[in-house]
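J.: A single structure is presented below for examination.
Just so you know, all these numbers are worked out from the coordinates, no wet-lab data involved. None of these values were measured; they are calculated from a predicted model. For neighbour counting, all protein chains shown are included, and Cβ atoms are generated from backbone atoms with ideal geometry for every residue, glycine included.
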Amino acid sequence: MAHAYTPGLKVTGYTVLEKVRRLPLKGEVLVQVGDEVEPSAIVARTSIPGDPETINAAHELACDPQEIPRHMLKQPGERVAAGEVIASYQAFFGLLKKRVVAPVDGTVEHVSEVTGRIILRRPPIPVEVRAYVRGRVKEVLPEEGVVIEARGAFVQGIFGVGGERQGTIRLLADSAEAVLDADAITPDCRGAVVIGGSLVTGAALRRAAEVGCAGVVAGGIIDRDLLEYLGYDIGVAITGHEDVGCTLIVTEGFGRIRMARRTFELLRALDGWEASINGATQIRAGVMRPELIVAGYRPPGITDGEVPASEGLVAGTPIRAIRDPYFGLLGEVVELPPELQPIETGARVRVLRARLEDGRTVTIPRANVEIIEG
């Protein structure tokens, strides 16, 4: 039964990741299987059709809709520039002159004899998909994108905001309990992924955005500070598309919560390494966790290609309680009693005995914990 429990957060110094990089609609793939790519490499591109612009030509020329085609100076499929005359009408031996001017750059898409309207299509919008991580192209999805294989350190968080960025990891906290405040963030942190301890303050987050940090990673944040940073309540939708100065990842939750020691020690070991981060989070169907990836890192004692296997829920497994009365507390499994046990609600469920970091040994329903997989 141990392997029936899905791990929660993954915090590991070495693993193999596959990142799917897909276009929003069909286009051109620029790399081949086996190619080595950098995070900034463009692996696929396409163009999204521009927005339509409708012109009431019959009204502007003061003529019947069915007459519009013979007054056109530009035909469907032809490009036009903003300010260029695309249709004109003269009457009374040239004394009365009217014309239609293109309001934007674009292409004449349609001329209607029924409504007397001209539809211009704005220029297409180029879309490029970058590799995001350093790795090797494992698979090409024809006209859609690629699958990139990366090997290295991987840290997932509980919650994040902001999109994909890259930067050099810079440890600013001297312990997992330390608070990251604005004073610690200096101009030379520009482009860095700065690491705090138990909390990042609202002032520090704003300072990081002002300086130009790529990201901030800390144990927790006060929800009020997050609201002020974003300027609105984030609700329950997927995050990752916010227009913010730097990406934020919290590894433990809301409030001041000491970062898990194994997470902090791994981030300490990664100080100075180039990282890819993404704050995208989805906590409902199709769970998505914010992440930090350091491709190329391999801890001492791990040979190339060797990936530590997950043992599931067994004695010694690090866990986090995800419901009261131990919500947010970290510990490790001591015992997994096989028989069902009664709990306060009167139900009989599978439980585990866990030793919390404060030394207490407690009994918790197995459904109330998540594994911190390493």
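J.: For the range 82-129, what does the alpha-carbon gyration tensor say about shape, rounded, prolate or oblate, given a ≥ b ≥ c as the root eigenvalues, a/c under 1.5 as rounded, and a/b over b/c as prolate?
T.: oblate
J.: When the convex hull of the C-alpha atoms of the range 202-249 is computed, what volume per residue in Å³ does it have?
T.: So the per-residue hull volume is 80 Å³.
J.: Of the DSSP beta bridges with both residues in the range 83-200, give the percent that are antiparallel, rounding to the nearest 5.
T.: Taking every DSSP beta bridge within the range 83-200, about 70 percent pair in antiparallel fashion.
J.: Shifting gears a bit: Can you give me the long-range amide H partners of Leu199? Hydrogens built in the peptide plane at 1.01 Å from N, cutoff under 5 Å, separation of 5 or more residues or another chain.
T.: The list, which skips near neighbours in sequence, is Leu180, Gly219, Gly220.
J.: Helix-derived [θ] at 222 nm for the chain: sum -39500 (n - 2.57) over DSSP H runs of at least 4, divide by residue count, nearest 500?
T.: When only DSSP H runs of four or more count, the value is -2500 deg cm²/dmol.
J.: Please report, to one decimal in angstroms, the Kirkwood hydrodynamic radius of the range 135-238 built from all distinct Cα-Cα pairs.
T.: Values: mean 1/r = 0.0650 Å⁻¹.
Hydrodynamic radius (Kirkwood, Cα pairs) of the range 135-238 is 15.4 Å.
J.: Which residues' amide hydrogens lie under 5 Å from the amide hydrogen of Leu23, considering only partners 5 or more residues apart or on another chain, with H built in the peptide plane?
T.: Gly145
J.: Right, another one. Nearest 10 degrees, 0 to 90: what angle lies between the long axis of helix 202-211 and the longest principal axis of the chain (Cα atoms)?
T.: Between helix and principal axis, roughly 50 degrees.
J.: Would you work out which of Pro69, Gly106, Val37 lies farthest towards the positive end of the dipole of the chain? Charges go on Cβ: Lys and Arg +1, Asp and Glu -1.
T.: Looking along the dipole axis, the top candidate is Pro69.
J.: Based on the Cα atoms of the range 318-371, what semi-axes does the equivalent ellipsoid have, where each is the square root of 5 times one gyration tensor eigenvalue, given in whole Å with the largest first?
T.: 17, 12, 9
J.: With a cap of 15 neighbouring Cβ atoms within 10 Å, and only residues DSSP puts in a loop, list the chymotrypsin sites (Phe, Trp or Tyr not before Pro) found in the range 122-168.
T.: none
J.: Hey, can you rank 174-180, 23-29 by average C-beta count inside 10 Å, highest first? Can you show the working numbers first?
T.: Working: 174-180: 17.4, 23-29: 14.9.
So the peptides 174-180, 23-29, ranked by packing, come out 174-180, 23-29.
J.: May I pose another question? If you wrap a convex hull around the Cα atoms of the range 52-121, how much volume per residue is inside, in Å³? Mind dumping the intermediate values first?
T.: Numbers: hull volume 4.9 nm³, N = 70.
Value for the range 52-121: 71 Å³ per residue.
J.: OK, next. State the dimensionless ratio Rg/Rh of the range 1-124 (Rg: radius of gyration of Cα atoms; Rh: Kirkwood radius).
T.: Rg/Rh: 1.38.
J.: Projecting each Cα onto the charge dipole of the range 52-121 (Lys/Arg +1, Asp/Glu -1 at the beta carbon, about the Cα centre), which of Asn56, Thr115, Val85 comes out farthest on the positive side?
T.: It is Val85, whose Cα lies furthest towards the positive end.
J.: Per-residue HN-Hα couplings for the range 188-201, Karplus 6.51 cos²θ - 1.76 cosθ + 1.60 at θ = phi - 60°, whole Hz, x for Gly and Pro?
T.: Once θ is set to phi - 60°, the couplings for the range 188-201 become 6, 7, 4, x, 9, 9, 8, 10, x, x, 7, 7, 10, 7 Hz.
J.: For the chain, give the magnitude of the charge dipole about the Cα centre (Cβ charges: +1 Lys/Arg, -1 Asp/Glu; no others), in debye to the nearest 20.
T.: Working: 42 positive and 50 negative charges, 57 e Å.
I would put it at about 280 debye.
J.: Which residues in the range 181-201 have a backbone N closer than 16 Å to a point placed 7 Å from the Cα of Leu17 along the Cα-to-Cβ line?
T.: Within reach of a label on Leu17, which here means backbone N under 16 Å from a point 7 Å along Cα→Cβ, the range 181-201 contributes 193-194.
J.: Send over the per residue convex hull volume for the chain, Cα only, as a whole number of Å³.
T.: Dividing the Cα hull volume of the chain by its residue count gives 206 Å³.
J.: With unit charges on the beta carbons (Lys and Arg positive, Asp and Glu negative) and the dipole taken about the Cα centre of the chain, which residue among Ile221, Leu171, Gly191 sits farthest to the positive side?
T.: Ile221
J.: In addition: Taking the Cα centre of the range 52-121 as the origin, how large is its charge dipole in debye, to the nearest 20, when only Lys and Arg (+1) and Asp and Glu (-1) carry charge on their Cβ atoms? It would help to have the intermediate numbers written out before the result.
T.: Details: 8 positive and 9 negative charges, 34 e Å.
Value, rounded to 20: 160 debye.
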